[in-house]
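The values are calculated or read from the model by the stated rules, or taken from the named source; none is laboratory data. No experiment lies behind these values; they were computed from the predicted model shown. Please note: Cβ atoms are built from the backbone with ideal geometry, for glycine as well, and neighbour counts cover all protein chains shown.
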Amino acid sequence: MGDTGSDWCGTANLRFARGDQGTRHQGGTTSPLKVQRSFQQADGRCELPILHTAGGLVGGDRLSIAATLEAGSRALLTSVAAQKVYGSIGRSRRAPAGSWARQDLAFSLEAGADLEWLPQELVLYAGGLFEQRARVTLAPGAGWLGGEVVRLGRTAAGEDLGEGRWRSLLEIRRHGATASEPDRWELVDRIELGGASLKGSHGMDGVPVFGSLVWAAPEPLAGEVLVQLLEDCRRDRQGLTGSMACGALDQGLVARYRGTSSGDARCWFTRMWARLRAVQGLAAPRIPRVWPFQEQPLG
């Protein structure tokens with residue numbers, strides 16, 4: 001599609017509002033994106049799965065997902081299946097260097113809103129080019145949790161990423177408490193994996209799975225609470241393979257996974273998800289119905 005003039009530009013524009021019966025959503029999508037039926041969690045959070053009906057991205061395709069959460073609303077956005085990004089480099093005479101598939105995310109949260117963005121794994125085929133830009137804007141008292149797990153090459157088929165590349169830019173900005181108080185950056189996180197960084201010890205060190213989990217807390221955490229939370233999250237690595245590290249942000253935390261198992265990355269992040277819910281006094285999470293977990297990361 002990327003070289004025949006038929007690039008797909010799918011969009012999802014969503015809005016969440018809190019009502020007497022919990023959070024409800026409205027909005028629309030354009031092909032190849034589609035939202036499935038939402039599910040109301042016990043605490044009123046709206047769980048909404050997003051489906052990419054095309055079965056994968058090719059060079060030139062672009063997806064755009066935007067969500068606005070009104071004051072006090074709570075939502076969990078996830079994907080129905082793993083996202084595939086097909087090889088682009090060397091596949092076309094018109095564009096031998098390949099074409100990028102792109103995904104743009106824009107999340108705007110009003111006061112007291114809470115959004116969890118937890119899609120399933122992204123699988124980048126050999127020669128694939130994928131770039132994601134995510135912008136999160138938070139009002140005072142709003143919280144955001146975002147995770148991603150990326151497999152660089154179809155390793156089960158004996159394939160690595162080759163000349164492909166994966167890029168990610170995450171920007172989290174929080175408004176000031178008053179009109180006179182300036183906005184502040186919670187995090188600007190830019191990552192690119194490809195070429196020498198796939199083999200180097202400061203990059204992927206030859207392993208194919210990368211994961212990142214970022215939490216922008218609604219309020220600053222007391223020092224002793226944050227220290228204990230990080231210790232608990234590190235203990236949650238027990239029994240899992242790979243290199244795992246987490247550290248504090250000014251108002252939240254960030255965790256990274258590097259290893260061979262996307263399942264272990266998901267398990268660790270899911271355990272951390274439960275920790276983060278607990279420290280906020282929120283209901284314990286339940287595994288979304290569309291996730292294909294065989295293991296029981298929440299016990």
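From the set of residues in segment 111-159 that are among the charged types (D, E, K, R) and surrounded by fewer than 21 Cβ atoms within 10 Å (Cβ to Cβ), which is nearest to the chain's Cα centre (by Cα)? Steps first, answer last, please.
Taking segment 111-159 and keeping what is among the charged types (D, E, K, R), we get 114, 116, 121, 131, 133, 135, 148, 151, 154, 159.
Now restrict to residues that are surrounded by fewer than 21 Cβ atoms within 10 Å (Cβ to Cβ): 121, 131, 133, 135, 154, 159.
Details: Glu121: 9, Glu131: 13, Arg133: 11, Arg135: 12, Arg154: 20, Glu159: 24 Å.
Going through the qualifying residues, I end up with Glu121.
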Return yes or no: is Leu193 over 28 Å from Thr68 (Cα atoms), free of Cβ contacts under 8 Å to residues at least 60 places away in the same chain, in contact with a Cys (Cβ under 8 Å, 6 or more places away or on another chain) and not in a loop (DSSP other than H, G, I, E, B)? no
Look at Glu181 and say whether it is without any contact (Cβ under 8 Å) to a residue 24 or more places away in the chain, among the acidic types (Asp, Glu) and out of contact with any Phe, Trp or Tyr (no Cβ under 7 Å at 6 or more places or on another chain). yes
With respect to Arg256, determine if the residue is surrounded by 14 or more Cβ atoms within 10 Å (Cβ to Cβ), at negative phi and touching a residue at least 40 places away in the same chain (Cβ under 8 Å). yes
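Identify all residues within segment 9-53 that are among the aliphatic types (A, V, I, L, M) and in contact with a Ser or Thr (Cβ under 8 Å, 6 or more places away or on another chain); write none if there are none.
Of everything in segment 9-53, those that are among the aliphatic types (A, V, I, L, M) and in contact with a Ser or Thr (Cβ under 8 Å, 6 or more places away or on another chain) turn out to be Ala12, Leu14, Ala17, Leu33, Val35, Leu48, Ile50, Leu51.
Yes/no per residue for (1) of a type outside the set (Phe, Trp, Tyr); (2) within 17 Å of the chain's Cα centre (by Cα); (3) in a strand (DSSP E or B):
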site: Lys34; (1), (2), (3): yes, no, yes
site: Asp43; (1), (2), (3): yes, no, no
site: Glu47; (1), (2), (3): yes, yes, yes
site: Leu51; (1), (2), (3): yes, yes, yes
site: Gly55; (1), (2), (3): yes, no, no
site: Gly60; (1), (2), (3): yes, no, no
site: Ala66; (1), (2), (3): yes, yes, yes
site: Leu76; (1), (2), (3): yes, yes, yes
Count, please, the residues in segment 68-86 that happen to be surrounded by fewer than 23 Cβ atoms within 10 Å (Cβ to Cβ), of a type outside the set (Asp, Glu) and farther than 25 Å from Pro292 by Cα. 3
What number goes with the only condition from (1) at pLDDT below 95; (2) crowded, with 21+ Cβ neighbours inside 10 Å that Arg91 does not pass? (2)
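Quick one: is Val214 β-branched (Val, Ile, Thr), within 27 Å of His25 (Cα to Cα) and crowded, with 23+ Cβ neighbours inside 10 Å?
Spelling it out, Val214 is indeed β-branched (Val, Ile, Thr), within 27 Å of His25 (Cα to Cα) and crowded, with 23+ Cβ neighbours inside 10 Å.
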I need the full set of residues from segment 161-182 which are crowded, with 16+ Cβ neighbours inside 10 Å, among the charged types (D, E, K, R) and under 30 Å from Lys84 (Cβ atoms), in order please. Glu163, Arg165, Arg167
Within segment 85-116, which residues are touching a Phe, Trp or Tyr at 6+ places or on another chain (Cβ under 7 Å) and either under 19 Å from Asn13 (Cβ atoms) or not in a loop (DSSP other than H, G, I, E, B) (or both)? Val85, Ala101, Phe107, Leu109, Leu115
Look through segment 270-299, keep the residues that are β-branched (Val, Ile, Thr) and in contact with a helix residue (DSSP H, G or I) (Cβ under 8 Å, 6 or more places away or on another chain), and return whichever of them is modelled with the lowest pLDDT. Ile287
